[in-house]
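Chemist: Before I ask anything, let me first share the structure, which is written out below as structure tokens.
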Amino acid sequence: MTVLEPRDAEVATAEIPVQPLAQETGILGRTHRALSIGIITVVLLIAFEATAVGTAMPVAARELDGVSLYAFAFSAYFTTSLFSMVLSGQWADRRGPLAPLAAGIAAFGAGLLLSGTASTMWLFIAGRAVQGLGGGLVIVALYVVVSRAYSERLRPAIMAGFAASWVVPSVVGPLVSGAVTEHLGWRWVFIGIPVLVVFPLALALPAIRRMAAGPADPTAPVPPFDRRRIRLALAVSLGAALLQYAGEDLRWLSLIPAAAGAAFLVPAVLGLLPRGTYRAARGLPSVVLLRGIAAGSFIAAEAFVPLMLVTQRGLSPTMAGLSLAVGGGTWALGSWVQSRPRLEPYRQSLLVFGMLCVVVAIALAPSVLIESVPVWIVAVAWAIGCFGMGMVIASTSVLLLKLSAPEEAGENSAALQISDGLSNVILLAVGGAMFAALGGGAVGALHDASSASHPGAFAAVFLPMAGVAVVGMWVATRLRERGAAG
């Protein structure tokens with residue numbers, strides 16, 4: 001028993017307090033204030049790290065003489081987080097979310113410190129891998145906290161709070177990181193964040209201990225960890241790593257790690273996601289599938305927007321990045337809209353409309369390949385798309401918790417995050433391969449307008465991703481279980 005876990009007697013008697021609906025306050029009312037501020041601040045710091053690290057990473061790679069390993073600094077985080085998501089889901093379902101959340105934050109901070117003090121690129125990558133372990137533990141544990149501590153009426157609001165916590169970091173993070181990197185050094189971007197974690201921990205952990213600790217049913221025997229799912233999680237991580245390695249270039253030899261990655265990945269994913277996900281079975285499977293379709297199609301398209309604006313329309317990298325900045329605000333707005341109680345009966349319609357916004361954004365963005373189309377169209381399109389994503393991402397989280405029994409919240413939340421993460425890497429790999437195959441520009445295109453990528457290469461990314469999002473509109477019509485009311 002650790003100091004962060006409740007004593008056995010407390011677990012046996014702990015129950016989530018239930019208030020009459022008429023007396024229930026909001027997420028910042030007295031009952032939930034400390035918990036809400038604490039966990040939202042945790043998400044805020046994770047968001048700041050995620051948006052700031054991209055600015056410091058190139059400088060770190062050059063200083064550590066590891067530019068050739070640059071991609072692994074990103075993929076290391078992703079592959080380890082896939083494994084820890086599954087581990088966190090089982091841990092939280094069996095023992096409560098307190099321990100995996102505390103362990104995840106500790107690992108996240110340790111990884112930041114390891115990267116920030118690294119003397120070689122491989123040590124830096126190892127730190128990123130430790131960060132990924134912590135990040136996967138934290139995100140799933142937070143979902144279980146929401147399922148345990150917040151009523152169904154309050155969950156849309158706390159999810160909107162999570163979305164809002166990304167707005168400021170998405171705008172300020174790169175600027176602050178750039179200033180710190182320039183004046184103090186890139187290491188302080190990594191070393192400084194763990195110190196800031198103390199405040200949210202002091203608020204959140206005692207509140208979680210009081211409101212969401214222990215197993216969902218304290219009287220039931222605690223089942224052992226599912227070793228089969230742990231092995232499948234390892235297979236997913238290994239398969240994703242091999243696919244990412246193969247996607248580095250288009251040599252014929254890359255087919256070998258790609259085939260090996262698929263051999264690990266496909267059966268493992270089928271074993272970890274809800275049965276019927278691949279065929280969009282009604283209810284929970286379609287919720288998990290929709291999350292992956294929405295996240296993968298949008299993020300894969302977004303990755304090519306700045307490159308398109310720089311190479312095709314001559315914008316500076318800063319201006320190209322700022323064209324997407326307004327999306328942080330509209331994303332939060334979309335998440336806030338879905339949290340309105342009066343719109344709850346129309347949640348499925350909101351999701352269909354949200355996916356329509358994503359389709360419009362992805363399909364409209366490449367119109368700037370036509371010289372007569374003003375470049376501000378991209379900012380408008382991405383504001384629309386982010387509004388739709390705000391509704392879709394928050395709503396799929398709300399629906400997942402609604403459709404999950406308390407003792408299954410961790411496992412199902414892990415499935416949702418796996419769908420999200422895997423779709424990102426798979427659709428990014430597919431989009432990147434099509435881009436390169438159809439004349440995608442070399443790195444020199446960023447510095448030489450004469451070597452700009454062929455416009456058709458960008459169209460080959462955006463139009464298929466818009467088609468994937470159209471499929472998402474259909475999946476959004478299958479979220480209600482057959483015979484469910486409302």
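The values are calculated or read from the model by the stated rules, or taken from the named source; none is laboratory data. Predicted model only: the values in this text are computed from it and were never measured. Note: ideal-geometry Cβ built from the backbone for every residue, glycine included; neighbour counts use all protein chains shown. Surface accessibility is based on the protein's heavy atoms, side chains included, excluding ligands, DNA and RNA. Shrake-Rupley method; radii C 1.70, N 1.55, O 1.52, S 1.80 Å.
Chemist: Out of curiosity, is Leu238 part of a helix (DSSP H, G or I) and either modelled with pLDDT under 80 or open to solvent by less than 60 Å² (accessible area, probe 1.4 Å) (or both)?
Modeler: The answer is no for Leu238.
Chemist: Scan region 336-366 residue by residue and report those that are open to solvent by less than 30 Å² (accessible area, probe 1.4 Å) and free of Cβ contacts under 8 Å to residues at least 40 places away in the same chain.
Modeler: Across region 336-366, the qualifying residue is only Cys357.
Chemist: Confirm whether Ser297 is polar (S, T, N, Q) and buried (at least 21 other Cβ atoms within 10 Å of the Cβ).
Modeler: When the stated conditions are applied, Ser297 passes them.
Chemist: Restricting attention to region 173-192, does a residue exist that is more than 30 Å from Val326 (Cβ to Cβ), assigned to a helix (DSSP H, G or I) and at pLDDT 80 or above?
Modeler: Yes, region 173-192 contains a residue that is more than 30 Å from Val326 (Cβ to Cβ), assigned to a helix (DSSP H, G or I) and at pLDDT 80 or above.
Chemist: With the requirement that a residue be crowded, with 24+ Cβ neighbours inside 10 Å and within 18 Å of Pro223 (Cβ to Cβ), what does region 92-105 give you?
Modeler: Listed by number, the residues that qualify are Ala92, Asp93, Gly96, Pro97, Pro100.
Chemist: For region 64-76, does any single residue satisfy the condition of being in contact (Cβ under 8 Å) with a residue 60 or more places away in the chain, over 19 Å from the mean Cα position of the chain (by Cα) and assigned to a helix (DSSP H, G or I)?
Modeler: no
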